[in-house]
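Encoded as C-alpha cells, the structure appears first; notes follow it.
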Number of protein chains: 4
Amino acid sequence: MIRAVILGATGYTGIELTRILSTHPDVRIVGGSSRNWAGKSACDIFPFLGESENFPLQTLEDAVTSPQADVAFLALPHGESATVARQVLDTGLKVVDLSADHRLADPQVYAEWYGSHKDPGLLTRAVYGLPEVHRELIRKADLVANPGCYPTSVILGAGPLLTRPEIDKGYLVVDSKSGVSGAGRGAKLGTSFCEVGESFKPYGVTGHRHIPEMEQELSKIAGSEVKVRFTPHLIPASRGMISTIYARLRKPLSREELREHYCARYKGEPFVRVLSLGTFPDTLMVRGSNQCHIGVEIDERTGWAIAMSAIDNLTKGASGLAVQNMNVLFGLDERAGLQGLPLFP
Amino acid sequence: MIRAVILGATGYTGIELTRILSTHPDVRIVGGSSRNWAGKSACDIFPFLGESENFPLQTLEDAVTSPQADVAFLALPHGESATVARQVLDTGLKVVDLSADHRLADPQVYAEWYGSHKDPGLLTRAVYGLPEVHRELIRKADLVANPGCYPTSVILGAGPLLTRPEIDKGYLVVDSKSGVSGAGRGAKLGTSFCEVGESFKPYGVTGHRHIPEMEQELSKIAGSEVKVRFTPHLIPASRGMISTIYARLRKPLSREELREHYCARYKGEPFVRVLSLGTFPDTLMVRGSNQCHIGVEIDERTGWAIAMSAIDNLTKGASGLAVQNMNVLFGLDERAGLQGLPLFP
Amino acid sequence: MIRAVILGATGYTGIELTRILSTHPDVRIVGGSSRNWAGKSACDIFPFLGESENFPLQTLEDAVTSPQADVAFLALPHGESATVARQVLDTGLKVVDLSADHRLADPQVYAEWYGSHKDPGLLTRAVYGLPEVHRELIRKADLVANPGCYPTSVILGAGPLLTRPEIDKGYLVVDSKSGVSGAGRGAKLGTSFCEVGESFKPYGVTGHRHIPEMEQELSKIAGSEVKVRFTPHLIPASRGMISTIYARLRKPLSREELREHYCARYKGEPFVRVLSLGTFPDTLMVRGSNQCHIGVEIDERTGWAIAMSAIDNLTKGASGLAVQNMNVLFGLDERAGLQGLPLFP
Amino acid sequence: MIRAVILGATGYTGIELTRILSTHPDVRIVGGSSRNWAGKSACDIFPFLGESENFPLQTLEDAVTSPQADVAFLALPHGESATVARQVLDTGLKVVDLSADHRLADPQVYAEWYGSHKDPGLLTRAVYGLPEVHRELIRKADLVANPGCYPTSVILGAGPLLTRPEIDKGYLVVDSKSGVSGAGRGAKLGTSFCEVGESFKPYGVTGHRHIPEMEQELSKIAGSEVKVRFTPHLIPASRGMISTIYARLRKPLSREELREHYCARYKGEPFVRVLSLGTFPDTLMVRGSNQCHIGVEIDERTGWAIAMSAIDNLTKGASGLAVQNMNVLFGLDERAGLQGLPLFP
C-alpha cells in the first residue's frame, strides 16, 4: 500500500485528491496539512469522510518533518511549494507538485511571470507531468510538476494541430473558459456567488501566467517556437473548462483527415476521447472524471481549423492528473482510482 | 459476476445506475432499454462511456423478452413498471423497481393517488426497499420497490422522532426541497433552465404523490397512524434534497439526548451520518454519494424538535439506493460500488 | 427634487438603491459613502452608471458631516447605523435605516440579540417601516427602521392568519429560504460560488436575529404574544426569498375563505398580490421588483393552513421597501420609482 | 400615446418587450398574440402584471386582422414573421420584426441559410435596425429588421476594428458566448436545467445562421467583403452575451490609440460604453439593461487586437433594441423606456 500525504488538504485540489484516492486500490492517505485547520481531523471539516478515509491535519511545517509516507502531493499556493519540495524529496518521498513552481524549465522565464524562484536547482530535476506527452520521463522522475488546468486543456487540444503541415503555426488563437473552482478555495469578492452567478467575463486578457507553460510545451511538440494568443474567461459553474482553439490553414485539410489525425495521436490513451464529427465537448460530460473530450472541425469558408477540448479543471486539470502521474511514477495501472464516470447531470 | 439490465437506461436514474455500476466490483451491465435510442449503443448517447462500460440499447419490449441477466433495474415512468415487472420476474431475474408502482401495499391507496394498478397482485409480493428499515425483508425478496426520493429523506430524517415519547406525533410538518433532476429527463417548460434558474418555488402544495408512501412507512415506525403535512419546493440545482422536519414536543427533550437517540438508531449504518450539534446538512456535501446526512436541533423557546436530512435525490434518493438494495438482495457487501465520496465542490 | 445620500453605497443594498432611484421622478442621488472606495466616483466602480446617475463617494465620517441633502439611506452594517443616525437627523435630514439598529422597540430585546445599543433613545423615535402595516405612523416619522428581509416576507405572509379565529396562534412554523445576496457584499468563504452553487442548506436553525423583529410585529397584529418557530435556508440564487408558513387550524376554514381574507386585507396595496388558488409564488416572478406575491392553501387532511410569500430580498426585502418608505415620508405617490416589472427570466 | 401590439407576447422577447414598454412614457400595449394562451389575459400567465399593464391575448390570425394600433412588434419564430409582416404593414402600422426574416437584403443568401422566403419583396423595404449604424435609414423606414443578438454584439464590438488600417481584415475570429434565453421559451431537452446547469459547450461550430447577417453588416462597414470565423457557446446563465473578437495586426497599434478610436466612434451613443483600459466587460453589469459594454486590448507579443463586447441578449440583443428602433421610427427620445440600470447582482 502506497502511503500518501496531501500538503494543502482542505483546498479544492486537496479535497479532490482525497475523493479520488479514497477509491484508489493501492493508496492510503496517511496525513495532510492545512493552514486553517491544523490540529483537527479531515472529517471534522468534511463530514462526508468516514473513518477509513480520515487523516490528521498538521501545519505545513510539521507535515514536512520526516513524513512517514511514500508520496507527497503539494496542493499548495504558487511560491509555497518551492519552499518545501526539496525537504520532502530529501526524506525519500516522491513528489507531485500541483502548484506552478516547477513547471517552467527556464528560471528566467519563471522569474518573469512569477518572481524569482526560491530553489531554482529543482527546475531541471522536475518533469512536466503530462503523461500523454512525457510518460517515459515521468516514469523515471521523483519530482513531477503537475500542469496547470489551462495548459492541460490547450496542450491536449492544440498539440496535434502543430504536427500537421497544413497548419500555419504562427496564428494560434486560444479562447478558454474555466469554472470558478480554478481560482481556489478562499474568501474573495471576485469569486463570491453574487458576483459570479449569472455572470460571464474575460479576465487577464494579455498576461495569464499559464501562457509560458503552454508555449514551452507546444513549442516542443511543434519543433519550433510557438506563441499563443490566449484569453481566459470565467464560467458561472464550479467545475469545467473548455478551450476553443483556432489555427490557420495554409492548405486544405478535411475534417475527416483532421479527426483521424487526432484519433491516431491519442490511440491507447485511457483518458482522451476524440468525439465524432459534429459532436462537440460539453463540460458536464467530463465533470468529476479524468477524461478529456476533444472535438475538431474545419471551416473551409474562412480557412481555419478548430479544436475544442473539455476537461474538469479540478480532475484532469489538477488532482486527477496528479493521481495519474503518481500511477506512472509508481508503475501502477495508469487508470487506477481514475475510472469513475462523470457525474451527469 | 452479476449481470444487470437497466430498463430506462438513458433517463437520469438510468445514467446514474450506469455510473455507479461501472465501478461495482461484482456487477456488469449487459443491456438496457431506451424509448428514444433503441438500436444504438449507450456510448453513442454518452461519449464518456468507454468500451468496457458500453452496452446495447433495445426497445422495452425486446429488452424484457428472455433477458440474459440476473437482475433488472426498472428505471421507468410510473405505470410502466407495473406492465413489465411480472414478465421479468417470471424469467427468473430479481427486480429493483425505481418507479412508484410497487411502493404502496394497499391497492386502494395506490388507486387513489396513481389510478388503478395494472398488476395489483404484485403489491404484496414487493418489499419496500429501505434497507435501514427493512433490511431483513429485502434479503428474502425478489421484487424490491425502491422508495421515492422525498420518502427516503423524510423516513430517515423523521423516523427516530416517532419512537420518542416526548414527541407529539400529531403535528408533523415536513418542508422539503428538491433539485431539478427529480422531475426526470425530458423536455418540459417547467424544468427549462430559464424558468428554474435563479428561481425558487413550492409546488404540489397539498397533494404530492409521495405522501401516502411516507405515511405508510412512518406509521409502521410509530406503531400508529401518522399524517404528514408535506410541502415540496424546487431548488435551482440539478441534484440535492433537504427535508426540514418539525415535530411538536409534549415534554422537554434536550438536543444532546435527541442526537444520541439518532446516533443509536443509525449505529452501524454505512450510509447515514448524524452530524455534530450545531452542524447542519448541506446538499453539496452528499452530491453524487449514497450518504444521508442528518442534523437535529431542539427549539426550547417554541417547543419544537427539528430534524434536517440531506441526500442526493439521484443517488441515495434513487439509483444509489437501488444498488444498495441489489447488494442486499444478492448478499453482497452492502457498500459495494457505493463508497465514492461526494463531488465537492 | 429630493436630494438623497446613500451611506454604504457600494454594497448590494446601496447599489439596489442607486438602481431604483435612478428612475425615480422626484429624487436625485447627490452623494454616498463607501468604506473601500471613498474618493472615487460611483461610476468608477460600476461602469453601467452614466453621468446623470453618477455621484461622489466619501468616507462615512465625511459623508455625515453637514450633508446637503433631504434624506439619507443608511445601507450600513448592523451596529454602524446607530453611531451616525442621530448626527444625520440633527442636520435636518429624514432617515431610512436599512440596518437592524432601530427595528426593535425594546432596548433590552435589542441587547439580547445584537448587544447593547449605542443610542437607545432613538429606538422609541423610530417607526417600523412596513407601510402595509404602519403607513400612518411612517407618514409622521423622521426615522424609519426598514424591516429585515425575512420579517417582511413573514409579516406580510403570516399577518392575516393571525386575525382569523380559526387559527391556533400557538403553533406557527416558518420555513424560509433566501438568496445569497442577503448575506451582503463581501469576501466570505461561506458565500463563495463554489460553496453555495449547487448547494442548499439550513443555517442559524435556532437563533436567527430576525426572530424578535417578526415576533414584535406579529404580536401587535395578533393582539397577543406570538412565537415563531423559524428556520432560514440558503438558496443557490443571488436574489429571492420564499417563506412557507404553517399555522394550525382550530376549526375548519376553506381555502376560498382564506384567500378572500387575504384579498380583503391587501385590497388597494400597490405591491402585494394574492395569487389565484392553486398558483404558488415563485421568486423569479418578483425578481428586481417591489412586489410581494402570496399564495394560500388549506390542508384539510392534516389540519393546517399554509401561506407562502415571495419577495426579492434586495428590493421589497430591502432597498425597494426603503424607497417606498421614503415616498410615504415625503408624501409622494407610494409607487414612484417602484413600478418596474420583474426581470423574467 | 403610441399603441403597440406584441405578436408573440408570451415568449421571452415578448415578455421583455412588456417589461420595457410598461415604463415607457409614450407607449401603451393594447394587445398581443400567443399560440398557447390565446383567449386569456397577459396577467393570467404572468401574475406580476398589474391592471395597467394587462392586455388581451389573441391568436396570431385574429391579432393581425385590423389591429387598432400604431406599431407591431413581431416577436415570432423565424419564418412566421414573413407570413404576417405585409398584412400588418398594409393596415398602416409600423413594424419592428425581431425574427430573422427581414435581416438579409439578398433573397438568395436568405434562402441558403433559412430556406426560401415567403415574401421576398419585403427584403428590400426593410432596414437593418442597428441605430448605431443605420439611424438615419431607420428614421425613414416602416419595416425594421431587428438584428440578431450575436450580430449586435459582434457588429458593435468588431465594427471599429475594420476601419483601422493597422488591422488585417482577413483574419477575423469571433468566439461568442450566450445565455440560455437566446434559445427561446419552449420545452427542449437541450435547454433543460439539468443539461445546461453546470455545463459549458460550443454548438453550431461551422454554420450558425447569424453569420451571413454579421458578414453583410461588417462588409458594409469595412467597405469590402469580410468573413467571420464564428463559434457560439452556451453559458449556464439565463441572460448575457459576450463576444471575444480577435483581429490580426498588420502594423503596430497601441491599446490607447485603439481605445480612443472606439471612444470616438461611439461618442454620443446613449447605450454603448467603452470601458477603461484593463477593465473587461461582464454580462452581469449589463443584465436587463440596453447597454453594450466594450473593452479593447492589444497583445503586442502575438500581434493581435482584441475587442470584447457584452450585452444582455434579451435587451440590447432583442427587445431593448426593438424599443430603441421604435423610438427612432417615431421620432421619440431614443432613450425613452430604456434608461433602467442593470440588475446587479
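To the nearest 20 debye, what is the magnitude of the charge dipole of segment D:119-275 about its Cα centre, counting +1 on the Cβ of each Lys and Arg and -1 on the Cβ of each Asp and Glu? Mind dumping the intermediate values first?
Details: 23 positive and 17 negative charges, 24 e Å.
In total the dipole reaches around 120 debye.
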- Message: If I build a Gaussian network model for chain D, linking alpha-carbon pairs within less than 10 angstrom, which residue out of D:Q324, D:Q68, D:Q58 has the largest mean-square fluctuation?
- Response: D:Q68
- Query: Using unit Cβ charges (K, R positive; D, E negative) and no other charged atoms, how large, in debye to the nearest 20, is the dipole of chain A about its Cα centre?
  - Reply: 380
- Item | Sum of side-chain charges, A:E256 neighbourhood, beta-carbon under 14 Å (Lys, Arg +1; Asp, Glu -1) | -2
- Query: Where both residues lie in chain C, what percent of DSSP beta bridges are antiparallel, nearest 5?
  - Reply: 45
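In this model, which of C:K140/C:K316; D:K177/D:K316; B:K118/B:K169; B:K169/C:K316; D:K118/D:K201 are farther than 27 Å apart at the alpha-carbon?
On the way: C:K140/C:K316 22 Å; D:K177/D:K316 15 Å; B:K118/B:K169 34 Å; B:K169/C:K316 38 Å; D:K118/D:K201 34 Å.
Among C:K140/C:K316; D:K177/D:K316; B:K118/B:K169; B:K169/C:K316; D:K118/D:K201, the Cα-Cα distance tops 27 Å for B:K118/B:K169; B:K169/C:K316; D:K118/D:K201.
Which peptide among D:202-208, D:84-90 comes first, and what is the full order, when sorted by highest mean count of other Cβ atoms within 10 Å?
D:84-90, D:202-208
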- Item | Simple spin-label estimate for A:K188 and A:L277 in nanometres, 7 Å along Cα-Cβ | 4.2
- Message: Springs between alpha-carbon pairs under 10 angstrom, Gaussian network model over chain A: which of A:A322, A:A38, A:A158 fluctuates most?
- Response: A:A38
- Note down the net charge around B:I29, summing +1 for each Lys or Arg and -1 for each Asp or Glu among other residues with Cβ under 14 Å from its Cβ. -2
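In whole Å and largest first, what semi-axes does the C-alpha gyration tensor of segment A:253-345 yield when each eigenvalue is scaled by 5 and square-rooted? Present the calculation step by step, with values, prior to reporting the outcome.
On the way: eigenvalues 151, 46, 19 Å².
Square roots of five times the eigenvalues give 27, 15, 10 Å.
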- Note on the structure: The aspartates and glutamates whose Cα lies under 14 Å from the Cα of A:K251, excluding any fewer than 8 residues away in the same chain, are A:E166, A:D168, A:D299, A:E300
- Quick shape summary for chain A, equivalent ellipsoid via Cα gyration tensor, semi-axes whole Å in descending order, reads 33, 21, 20
- Query: Over all residues in D:169-181, what is the mean tally of Cβ atoms on other chains that come within 10 Å of each residue's Cβ?
  - Reply: 5
- With axes computed from alpha carbons, what is the tilt in degrees of helix C:12-21 against the longest principal axis of chain C, rounded to the nearest 10 within 0 to 90? 80
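Please state the shape class of the protein assembly as shown: rounded when a/c is under 1.5, otherwise prolate if a/b exceeds b/c and oblate if not, all from the C-alpha gyration tensor.
Working: a/c = 1.30, a/b = 1.00, b/c = 1.30.
Rounded, since a/c falls under 1.5.
If you put +1 on each Lys and Arg Cβ and -1 on each Asp and Glu Cβ, how big is the dipole of segment A:2-125 around its Cα centre, in Debye rounded to 20? Each step should come with its number before you reach the end.
Numbers: 10 positive and 15 negative charges, 15 e Å.
That gives segment A:2-125 a dipole magnitude of about 80 debye.
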- Here FRET efficiency (C-beta to C-beta, A:E269 to D:S224, R₀ 35 Å, nearest 0.05) is 0.20
- Item | Helix C:255-265 vs. chain C, principal-axis angle (Cα, 0 to 90°, nearest 10) | 30
- Item | Within chain D, longest stretch clear of exposed GluC sites (Glu not before Pro) (DSSP loop, no more than 13 other Cβ within 10 Å) | D:1-224
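Can you give the FRET efficiency to the nearest 0.05 for C:D142 and D:R139, using r as the Cβ-Cβ distance and R₀ = 41 Å?
Details: r = 51 Å, r/R0 = 1.23.
Between C:D142 and D:R139 the formula returns 0.20.
Percent antiparallel among DSSP beta bridges with both residues in the protein assembly as shown, to the nearest 5? Walk me through the numbers on the way to the answer.
Numbers: 106 of 230 bridges.
Restricted to the protein assembly as shown, the bridges split so that about 45 percent are antiparallel.
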- Obtain the nm distance between the two label points defined at D:K40 and A:D62 by a simple spin-label model: each point lies 7 Å from its Cα along the Cα-to-C-beta direction. 6.3
- Note on the structure: With DSSP loop assignment and no more than 16 other C-beta atoms within 10 Å, the trypsin sites (Lys or Arg not before Pro) in segment D:264-345 are D:K267, D:R301, D:R335
- Message: Which residue fluctuates most in the GNM of chain D (Cα springs below 10 Å): D:P47, D:P131, D:P281?
- Response: D:P47
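Bear in mind that the values in this text are calculations on the coordinates, not laboratory data. The structure displayed is predicted, hence computed values, not measured ones. Note that we place each Cβ from the backbone using ideal geometry, even for glycine, and neighbour counts take in every protein chain shown.
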